[in-house]
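Undergrad: Got a structure here, written out as structure tokens. Questions coming.
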Amino acid sequence: MTAPVQSGPSHTSGGPGGSKAHLRHYNPYPTLDRPARTSVTSQQIEVIRLAANGFSNRAIGRQLGISEETVKTHMRIILRKLRVNDRTQAVAVSLRLGLISLDEITVPEDSNYDVRRPTDDDPAPQIQAS
């Protein structure tokens, strides 16, 4: 006994739907049902806060009492929700959206924190010939 055969459109173009017309409506970046700010969980915000402070996935896991794989899963979800490609972009967007604040980011003591950017009020640096 053979299975019934269903007739349908011929697929001569090699892709789903048989034509390229479906590609006009294809969105490789699906939109979220809710804004990113409201869909990021408190644990995901904690992961991004620790990432902003330079913690590795392993260190984030130890800090939160979860496995490194769980941290990686959280990061993948965060990247997708914030529509970014890497952790640096995730931190920047999280700051911009107000998910984390600059006050939550610590500056290591051995950093160049005391180096100032020149302002309009600063005199021009003096160049000495040697």
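The values are calculated or read from the model by the stated rules, or taken from the named source; none is laboratory data. Keep in mind that this is a model prediction, so the values were computed, not measured. Here Cβ is always computed from backbone atoms with ideal geometry, including for glycine, and neighbour counts include all displayed protein chains. Ligands, DNA and RNA are excluded from the accessible area calculation, which covers all protein heavy atoms including side chains. Shrake-Rupley method; radii C 1.70, N 1.55, O 1.52, S 1.80 Å.
Undergrad: Of (1) within 17 Å of the chain's Cα centre (by Cα); (2) at pLDDT 95 or above, Gly54 satisfies all except one. Which?
TA: Exception for Gly54: condition (2).
Undergrad: Evaluate the stretch 85-95: report whether one residue or more is touching a Phe, Trp or Tyr at 6+ places or on another chain (Cβ under 9 Å) and either modelled with pLDDT of 95 or more or open to solvent by 70 Å² or more (accessible area, probe 1.4 Å) (or both).
TA: no
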